[in-house]
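Quick notes on the structure that follows.
The values are calculated or read from the model by the stated rules, or taken from the named source; none is laboratory data. Here the structure is a predicted model, which is why all the values come from computation and not from measurement. Backbone-built Cβ (ideal geometry, glycine too); neighbour counts: all protein chains shown. The accessibility values were calculated without ligands, DNA or RNA, using every heavy atom of the protein model including side chains. Shrake-Rupley method; radii C 1.70, N 1.55, O 1.52, S 1.80 Å.
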Amino acid sequence: MEMHNTSSTDFTFMGLFNRKDISGLLFLIISIIFFTALMANGVMIFLIRTDSRLHTPMYFLLSHLSFIDMMYISTIVPKMLVDYLLGQRTISFMGCTAQHFLYLTLVGAEFFLLGLMAYDRYVAICNPLRYPVLMSRQVCWMIIAGSWFGGSLDGFLLTPITMSFPFCNSREINHFFCEAPAVLKLACADTALYETVMYVCCVLMLLIPFSVVISSYARILTTVHHMSSVEGRKKAFATCSSHITVVTLFYGAAMYTYMLPHSYHRPAQDKVFSVFYTILTPMLNPLIYSLRNKDVTGALKKALARFKGTQRVAGEVF
């Protein structure tokens, strides 16, 4: 049963669970993805912080990527799941504003961080002797700060303008969260100029880090191709292929959402692509990095062995 005691300023989501025949299955799948993402990213952060072999710039950046992913998916999914259980689809104006701001900030920070992680791989493979200097702890903190600054700038610039438009009486968002294009469709004012500005802003936020990724990996592939060591080539390709997979999944879906002309968009397709980079990617990031990385799997085995040893000692004591 759906609850309808809403105020005139509330928005209503059409959501993902509007098909009764598959709503229960979708709820189960998204719940599993959500808890898997939280657990996998949490384990990655724990391993990176506790295993000394993972105290390197690459894993330092990866731990922050996992932190962003945990916050990112938690901004959208918990409300979806709770609303389904309670039989409601509404969100207050302030709640929508907060979700919009957090989403833009976190997705922007991840755009920049993934791009700068490609620079880290470029330095590690193409300039290994200068790596300790070019990727010092101070530089790593500058990368993190720059990523958060870029994301926050996007959130602070676009959120107040998006939410300042007068909205029509229906206030029904054909989406499952307060994503800017879906919210703007409800505006009872001419948003053409703002949508153009937002388009340029989003394109820059995508193209700048994506250009860094392309140029970094172009140099990496050239360097790897000329490596004399077969083992070195395999290790370089294994490390870089993980990052390329993550980047392709994340940027590809985001480019569809923000760079494809409006005439090519359909609400159902928009929801699918949004699911891909807002819900699936936070789960896939740690799995791709951990399953394809011997250092991480080694650290996990070490942690599990230590945990089993602790349990054995505790059992002997009691």
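Given a 1.4 Å probe and every protein chain left where it sits, what share in percent of the accessible area of the chain is carbon and sulfur? Please list the in-between numbers first.
Working: 11350 of 16400 Å².
The C+S portion of the solvent-accessible surface of the chain is 69 percent.
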Considering the options 93, 168, 38, tell which one lies farthest towards the positive end of the dipole of the chain, charges being +1 on Lys and Arg and -1 on Asp and Glu at the Cβ, about the Cα centre. 38
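So if R0 is 35 Å, what FRET efficiency would residue 294 and residue 71 give, r being the distance between their Cβ atoms, rounded to the nearest 0.05? Show your work: numbers first, answer last.
Working: r = 28 Å, r/R0 = 0.81.
Computed FRET efficiency for residue 294 and residue 71: 0.80.
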When the chain is treated as a GNM, springs tying every alpha-carbon pair under 10 Å, which of 70, 39, 283 comes out with the largest mean-square fluctuation? 39
In the chain, which helices (entire DSSP H runs) extend 30 Å or more along their own long axis, judged by Cα positions, while averaging at least -0.5 on the Kyte-Doolittle scale? 23-50, 57-86, 93-126, 137-162, 192-225, 230-259, 294-317
Radius 12 Å from Cβ of residue 67, net charge of other residues (Lys, Arg +1; Asp, Glu -1): -1
Do the alpha carbons of any pairs in 234/271; 79/271; 79/185 sit beyond 27 Å of each other, and which pairs? 234/271
Magnitude of the Cβ-charge dipole (Lys and Arg +1, Asp and Glu -1) of the chain about the Cα centre, nearest 20 debye, reported as 1320 debye
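Please calculate how many Å² of accessible area the chain carries per residue, with a 1.4 Å probe and no DNA, RNA or ligand atoms counted. The partial results should precede the final answer.
Values: 16400 Å² over 318 residues.
Value for the chain: 52 Å² per residue.
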Amide H partners (placed H, <5 Å) of residue 173, local residues excluded: 12, 13, 14
Gyration tensor verdict on the chain (Cα atoms; rounded if a/c is under 1.5, prolate if a/b is larger than b/c, oblate otherwise): oblate
Evaluate the distance, in nm, between pseudo-label points positioned 7 Å from the Cα of residue 156 and of residue 53 along their respective Cα→Cβ axes. 4.2 nm
Heavy atoms of residue 302: accessible area, 1.4 Å probe, square angstrom to 10: 100 Å²
Could you tell me whether the range 8-112 comes out rounded, prolate or oblate from its Cα gyration tensor? Rule is a ≥ b ≥ c as square roots of the eigenvalues, rounded for a/c under 1.5, then prolate if a/b exceeds b/c, otherwise oblate. oblate
Using label points projected 7 Å from each Cα along Cα→Cβ, tell me how many nm separate residue 190 and residue 241, to one decimal. 5.4 nm
Using a basic spin-label model with each label point 7 Å from the Cα along Cα→Cβ, how many nm lie between residue 266 and residue 137? 5.4 nm
